[in-house]
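> Before I ask anything, here is the structure I am working with.
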Amino acid sequence: RLSERLSGLQQGLEHERHSRFDNLNHRMVEVESRLSSSHDGLQQDCLMLREQLEKFRQEFEDERMHREAATGASAEELANVDLRLMEALEAEQDARRETEQRTLRSFDEKTAQ
């Protein structure tokens with residue numbers, strides 16, 4: 001009778017140990033599943049962020065090139081305007097010198113008479 005009771009206790013303990021092991025094993029599977037889902041979600045988020053970053057980088061590069069081209073065109077236009085202004089200034093100065101020379105000749109001619 002005592003041996004039956006001991007045998008029953010051993011079986012109960014064995015059953016309880018297996019039950020705990022199964023419970024822990026089930027919990028570990030659930031944790032692994034959640035961890036895997038979280039990992040997959042993070043990978044998707046990282047991929048999406050990487051794609052957005054690449055898109056922003058490309059847009060930034062396009063904008064930079066556009067601005068460089070616009071700046072180059074503006075600089076060229078300013079250089080052309082500057083050149084035309086210098087030519088106009090030189091023409092004005094030449095015309096003023098000629099007028100001064102004519103005025104001086106005219107004055108010399110009138111005072112020489």
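The values are calculated or read from the model by the stated rules, or taken from the named source; none is laboratory data. For clarity, every value in this text was computed on a predicted model and none was experimentally measured. Quick reminder, even Gly has a Cβ in these numbers, built from the backbone with ideal geometry, and neighbours come from all protein chains shown. To get the accessible areas, we keep the full protein, side chains included, count just its heavy atoms, and leave off ligands, DNA and RNA. Shrake-Rupley method; radii C 1.70, N 1.55, O 1.52, S 1.80 Å.
> Residues in segment 7-31, backbone N under 12 Å from the label point at S38 (7 Å along the Cα-to-beta-carbon vector): list them, ranges by number please.
Residues passing the 12 Å test: 31.
> What figure in square angstrom, to the nearest 10, would you give for the accessible area of D94 with a 1.4 Å probe?
Its heavy atoms expose roughly 80 Å² to the probe.
> Could you compute the net charge surrounding F60? Neighbours are other residues with a C-beta less than 14 Å from the C-beta of F60; K and R count +1, D and E count -1.
Residues close to F60 contribute a combined charge of -2.
> Provide the net charge surrounding A70, with neighbours chosen by a C-beta distance below 13 Å and charges set as Lys +1, Arg +1, Asp -1, Glu -1.
Working: positive: R64, R67; negative: D62, E63, E68, E76, E77.
Here the count lands on -3.
> While we're on this one: Considering the chain as a Gaussian network with a 10 Å cut-off on Cα pairs, which listed residue, R97, R50, R64, attains the greatest mean-square fluctuation?
Highest fluctuation among the options: R97.
> Just round it to a whole percent: the fraction of Cα-Cα distances in segment 1-53 exceeding 18 Å.
Numbers: 852 of 1378 pairs.
I get 62 percent for the Cα pairs in segment 1-53 exceeding 18 Å.
> Can I ask one more? Report, to the nearest 10°, how far helix 2-112 tilts away from the longest principal axis of the Cα atoms in the chain, using its own Cα long axis and a range of 0 to 90°.
Result, in degrees: 0.
> Calculate, in nm to one decimal, what L78 and L49 gain on full extension: separation in residues at 0.36 nm each, minus their alpha carbon distance.
Roughly 6.2 nm would be gained on extension.
> Where the accessible area of segment 55-102 is counted over protein heavy atoms with a 1.4 Å probe, how much of it, in %, is carbon and sulfur?
With neighbouring chains kept in place, the figure for segment 55-102 is 56 percent.
> Which value results for Rg/Rh of segment 34-81 when Rg is the Cα radius of gyration and Rh the Kirkwood radius based on the inverse mean 1/r?
1.51
> If you count only protein heavy atoms and use a 1.4 Å probe, how large is the accessible surface of V81, to the nearest 10 Å²?
About 50 Å², ignoring ligands and nucleic acids.
> Please report, for the Cα atoms of the chain, the Rg to one decimal and the Dmax as a whole number; what are they, in angstrom?
47.9, 164
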